[in-house]
Amino acid sequence: MRPNGQAIRAIRRAQKIGLRSLQQMTGFDRGYLSRLERGHIREPDEDHIRTVADALNVAPEAITHQEDV
């Protein structure tokens with residue numbers, strides 16, 4: 001799963017959740033979350049994607065790029 005940082009940021013902002021709040025919800029470092037949103041982390045652990053998706057109350061597919069197989 002490749003994260004879609006723009007989607008993560010858009011959903012987070014639409015829900016009026018700051019990075020600090022998302023940090024508390026996920027247990028991930030704020031810097032890590034910021035790098036994830038900016039696309040600096042290309043292949044995070046799938047569990048990390050699921051944790052962020054759960055915190056944002058969306059399906060993991062909503063915050064990942066579709067992979068062409």
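Numerical summary
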item: Top of ARG38, ARG13, ARG30 by mean-square fluctuation, Gaussian network on the chain, Cα under 10 Å; result: ARG13
item: Accessible surface of segment 1-66, 1.4 Å probe, proportion on carbon and sulfur as whole %; result: 41 percent
item: Rel. contact order, % - alpha carbon contacts under 8 angstrom, at least six apart, the chain; result: 51 percent
item: Size-normalised alpha-carbon gyration radius of the chain, reference 2.2 N^0.38 Å; result: 0.98
item: Probe 1.4 Å, protein heavy atoms only - accessible area per residue of the chain in square angstrom; result: 66 Å²
item: Around ARG9: net Lys/Arg minus Asp/Glu count, Cβ-Cβ under 13 Å; result: +4
item: Positive minus negative residues near HIS40 (Lys, Arg vs Asp, Glu; Cβ under 14 Å); result: +3
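The values are calculated or read from the model by the stated rules, or taken from the named source; none is laboratory data. Because the structure is predicted, anything quoted here is derived from the model rather than measured. With ideal geometry, Cβ positions are generated from the backbone for all residues, glycine too; neighbour counts draw on all protein chains shown. Heavy atoms of the whole protein, side chains included, go into the accessibility calculation; ligands, DNA and RNA do not. Shrake-Rupley method; radii C 1.70, N 1.55, O 1.52, S 1.80 Å.
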